[in-house]
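This report concerns only the one structure given below.
The values are calculated or read from the model by the stated rules, or taken from the named source; none is laboratory data. If you're wondering where the values come from, they're calculated on a predicted model, not measured in any experiment. In this analysis, Cβ positions are derived from the backbone assuming ideal geometry, glycine residues included, and neighbour counts consider all displayed protein chains. Surface accessibility is based on the protein's heavy atoms, side chains included, excluding ligands, DNA and RNA. Shrake-Rupley method; radii C 1.70, N 1.55, O 1.52, S 1.80 Å.
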Amino acid sequence: MTNVVICCDGLDPAYLDDVETPGWDAIAAAGRAGICSAAVPTLTNVNNVGIVTGVSPRDHGITGNTYYDPERGDRVYMTDPSFLRHDSVLQRAADGGDRVGALVVKEKLRRMIGRGCVVAASAEDPPTWLEGAIGPAPDIYSGHASEWVLNAAAFVLTDRDLDWLYVSTTDVVPHKHAPDESRAVEWVRALDEGIATVTDRADDVVVTADHGMSRKTTVVDLESILVAAGHDPVVVRLIRDRHTYHHRNLGGAAYVHVDDPDAAGAVIRDHPDIAVVCSRAEAATRFDLPPDRIGDLVVLGAEPTVFGPVEDGHVGPVDVRSHGAHHETTVPYATTLDGALDRNHDAFDAFGTSPSRDDA
């Protein structure tokens with residue numbers, strides 16, 4: 001029996017509103033569909049790891065694309081598997097004797113979630129045998145990498161005897177195009193065709209997303225605001241990673257490390273472009289985050305707001321589609337199973353069993 005979980009990166013529910021999706025609809029007709037909640041921060045690393053571990057950030061330990069390492073005194077990309085504090089469902093299934101696989105667009109995800117997989121590949125660094133079977137992988141910023149990884153999944157399900165397969169696409173298109181733009185419509189149709197093909201080769205499927213997407217029109221320079229008020233902060237923009245083409249390292253969530261968090265929080269708490277300012281303890285409780293891997297303050301922007309540098313000021317205009325804050329927690333799902341999903345990291349739990357060959 002083959003069970004498949006597909007994460008459509010950045011698939012805000014709005015992208016499904018006005019596009020015919022027969023593949024998605026067929027899954028819903030066989031089981032159900034709806035909306036569920038992503039974890040905050042609404043970022044790729046946080047929520048893909050949440051899906052494959054089935055637990056919240058407090059337990060799996062991934063709190064952003066970037067993390068401030070107090071021992072190094074610097075920001076580091078949170079992509080090394082050593083950051084994980086919880087085995088993935090795939091790893092546990094492999095330990096139980098199942099054959100598991102992971103096919104993703106970004107190499108950072110393959111490294112983080114590929115342990116225990118008999119097949120673990122990315123479109124960013126594709127293996128020769130997979131390109132030989134389905135064709136060369138496109139550039140991951142082309143917008144067609146999502147189609148390629150779904151084609152790879154369909155091939156692997158036919159070529160390899162897998163019990164479990166995780167698939168993750170890329171959000172380049174929704175970062176660049178609104179739901180009503182033709183390129184976004186084409187992207188959704190291509191996703192739907194790929195999902196339908198994968199579903200035909202699987203016994204049960206869950207499809208969901210890691211975060212939504214919003215248009216942002218205001219950039220706020222947290223660091224300059226706090227410096228002007230006499231503080232010496234380290235501001236960690238949580239979306240920051242090596243893949244800057246589509247989001248420009250501008251997202252709606254940040255951790256602030258500062259000597260006097262109460263005073264610093266008072267400076268920014270009533271700012272009109274900032275929606276949430278939480279202390280470390282408040283954020284750990286409210287968003288189920290590990291206290292030792294977040295800032296003294298957790299800051300979320302208003303819906304049109306991202307955090308980043310502003311030349312000659314504290315606030316400036318911007319035009320970018322992005323995510324990271326609580327505004328992008330609502331994501332869609334469809335599953336051939338009967339149970340509803342409350343959170344996107346319930347995707348593997350929806351199968352209703354601890355994955356093992358005896359249970360499958």
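A count restricted to segment 113-139 and to residues that are touching a helix residue (DSSP H, G or I) at 6+ places or on another chain (Cβ under 7 Å), of a type in the set (A, V, I, L, M, F, W, C) and open to solvent by 20 Å² or more (accessible area, probe 1.4 Å) stands at 5.
Exactly one residue among VAL277, VAL298, VAL331 is crowded, with 16+ Cβ neighbours inside 10 Å and more than 18 Å from ASN45 (Cβ to Cβ), and that residue is VAL277.
Would it be correct to say that HIS86 is open to solvent by less than 10 Å² (accessible area, probe 1.4 Å) and over 27 Å from ALA137 (Cα atoms)? So HIS86 does not fit the description; no. Taken over segment 226-272, the criterion of being more than 16 Å from TYR68 (Cα to Cα), buried (at least 18 other Cβ atoms within 10 Å of the Cβ) and under 24 Å from the mean Cα position of the chain (by Cα) is satisfied by HIS243, HIS246, HIS247, LEU250, GLY251, GLY252. When LEU43, LEU11 are checked against the criterion of being hydrophobic (A, V, I, L, M, F, W, C), under 13 Å from the mean Cα position of the chain (by Cα) and under 14 Å from LEU238 (Cα atoms), a single residue qualifies: LEU43. Among the conditions (1) more than 19 Å from VAL5 (Cα to Cα); (2) in a loop (DSSP other than H, G, I, E, B); (3) open to solvent by 20 Å² or more (accessible area, probe 1.4 Å), VAL40 misses just one, which is (3). In the set (1) over 24 Å from ASP95 (Cβ atoms); (2) in a loop (DSSP other than H, G, I, E, B); (3) more than 24 Å from the chain's Cα centre (by Cα), TRP129 fails one condition alone, (2).
From the list ARG92, ARG110, which one is open to solvent by 10 Å² or more (accessible area, probe 1.4 Å), within 18 Å of SER168 (Cβ to Cβ) and in a helix (DSSP H, G or I)?
Working: ARG92 fails: within 18 Å of SER168 (Cβ to Cβ).
None of the other options fit; the residue is ARG110.
Each row is one residue, and each column tells you yes or no for (1) at pLDDT 95 or above; (2) not hydroxyl-bearing (Ser, Thr, Tyr).
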| site | (1), (2) |
| --- | --- |
| THR217 | yes, no |
| VAL220 | yes, yes |
| VAL227 | yes, yes |
| LEU238 | yes, yes |
| ARG242 | no, yes |
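Of all residues in segment 43-68, those satisfying the criterion of being open to solvent by 10 Å² or more (accessible area, probe 1.4 Å) and closer than 22 Å to ARG248 by Cα are TYR67, TYR68.
Whether a residue is assigned to a strand (DSSP E or B) and closer than 23 Å to ALA30 by Cα was assessed, and VAL207 passes this test.
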